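Values in this text are rule-based calculations from the coordinates and carry no lab data. Model, not experiment: these values are computed from the prediction. When we count neighbours, we look across all protein chains shown, and the Cβ atoms used for this are built from the backbone with ideal geometry, even at glycine.
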Amino acid sequence: MKRLFVVALLFTFVVAPSVTGGQRIAIRVSPVVAMEPAALTIRATVEPSDENRRLTVSVESDDYRSSSDIPLEGRNAARLNVVEVRDVPSGLYEIRAVVSGPMGTLAETLQLVKIQPARGR
């Protein structure tokens, strides 16, 4: 269990900040490690661009999936978008943010999050 936590933590600080397609999008998830049922706050920062049309934020594990689509109005869209997901059960999650435009995916990034089982389970 400790090994999984170390891998998740290392991934969070080493891999997660990297972004496909330049620095068009970045995410910060809070908390990175929590007890179930967890409430996650996902902050996605999207660089303004005329091509930006949609931001998709997904929370996914083997047994759970949640997704939010946020329309973007190109260069006039809000730079910071916040998504809250409540009652997330235990598991290792990929939190992914994808910016799409008229021709498809423009950029994406992800962060790992670990939700621990409640005590006594």
Net lengthening on full extension, Asp69/Thr105 (0.36 nm per residue, minus Cα-Cα): 11.6 nm
Descending principal axes extents, segment 29-121, alpha-carbon based, whole Å: 51, 21, 15
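Count charges around Arg75 for me, please; just the other residues with Cβ under 12 Å from its Cβ, Lys/Arg as +1, Asp/Glu as -1.
Net local charge, Arg75 excluded: -2.
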Packing-based ranking, highest mean first, of 105-114, 55-64 given that Cβ atoms within 10 Å are counted: 105-114, 55-64
